[in-house]
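Worksheet for the structure shown next.
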Amino acid sequence: MVQITFDPVAISYADLLTVFFGVHDPTTLNRQGADVGTQYRSAVFFHDDSQKAVAEKAIATLTEEQIWPNPVVTEIAPFDKFFRAEDHHQDYYRNNKNQGYCQVVINPKLDKFRKEFAARLKD
């Protein structure tokens, strides 16, 4: 799980969800690529009713637009508790860019992000 702190004046929650749904496959239950297990599920943990409504609307829109051939299975659940990952997981990509997993799995996602959301990136 990743917890994002953001300034809603700079970027909206809906825009964050657009990026979220744009960089991963929300149609595979408990899986992302070759990674399998409940820890790899697509999930949005909301902090209030407004965030919940925005997430539900985003999924409804994606479903209506039939972006993927399979239904969106992203879980929408209330935020409960955040656990900081162990130290060896902190800045994993930055510290392991040449590792095989980073080259094969993460780099293509970053490339896709940079291509699709280039207008949102800072110089």
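What follows draws every value from the coordinates through simple rules; no lab data is involved. Just so it is clear, the structure is predicted and the values come from calculations on it, not from any experiment. Note that we place each Cβ from the backbone using ideal geometry, even for glycine, and neighbour counts take in every protein chain shown.
If you consider only alpha-carbon coordinates, what radius of gyration and Dmax does the stretch 1-115 have, in Å?
For the stretch 1-115, the Cα-based Rg and Dmax read 15.0, 41 Å.
Within straight cross-link reach of residue 52, meaning Cα distance under 30 Å, which lysines are found once same-chain residues fewer than 8 apart are removed?
81, 109, 112, 115, 122
Can you give the percent of C-alpha pairs in the stretch 84-123 whose distance is more than 15 Å?
The share of Cα pairs beyond 15 Å in the stretch 84-123 comes to 53 percent.
Taking the Cβ of each residue in 106, 4 as the centre, tally the other Cβ atoms inside 10 Å and list the residues starting with the fewest.
4, 106
Can you list the DSSP H helices in the chain whose Cα atoms extend at least 18 Å along the helix axis and whose mean Kyte-Doolittle hydropathy is -1.0 or higher?
49-65
Report, by chain and number, residues whose modeled amide H sits under 5 Å from the one on residue 76, excluding near sequence neighbours (fewer than 5 apart, same chain).
Amide H neighbours of residue 76: 44.
Determine the gain in length on full extension of the stretch residue 60-residue 19; use 0.36 nm per residue of separation and subtract their C-alpha separation, reporting nm with one decimal.
Taking 0.36 nm per residue and subtracting the Cα distance, the gain is 13.2 nm.
Treating only the Cβ atoms of Lys and Arg (+1) and Asp and Glu (-1) as charged, compute the dipole magnitude of the stretch 53-118 about its Cα centre; round to the nearest 20 debye.
320
So what is the relative contact order of the stretch 1-55, in percent, for Cα pairs below 8 Å that sit 6 or more residues apart?
Result for the stretch 1-55 is 29 percent.
Which value, in debye to the nearest 20, gives the size of the charge dipole of the chain about its Cα centre, when Lys and Arg are +1 and Asp and Glu are -1 at the Cβ?
Once rounded to the nearest 20, the dipole reads 380 debye.
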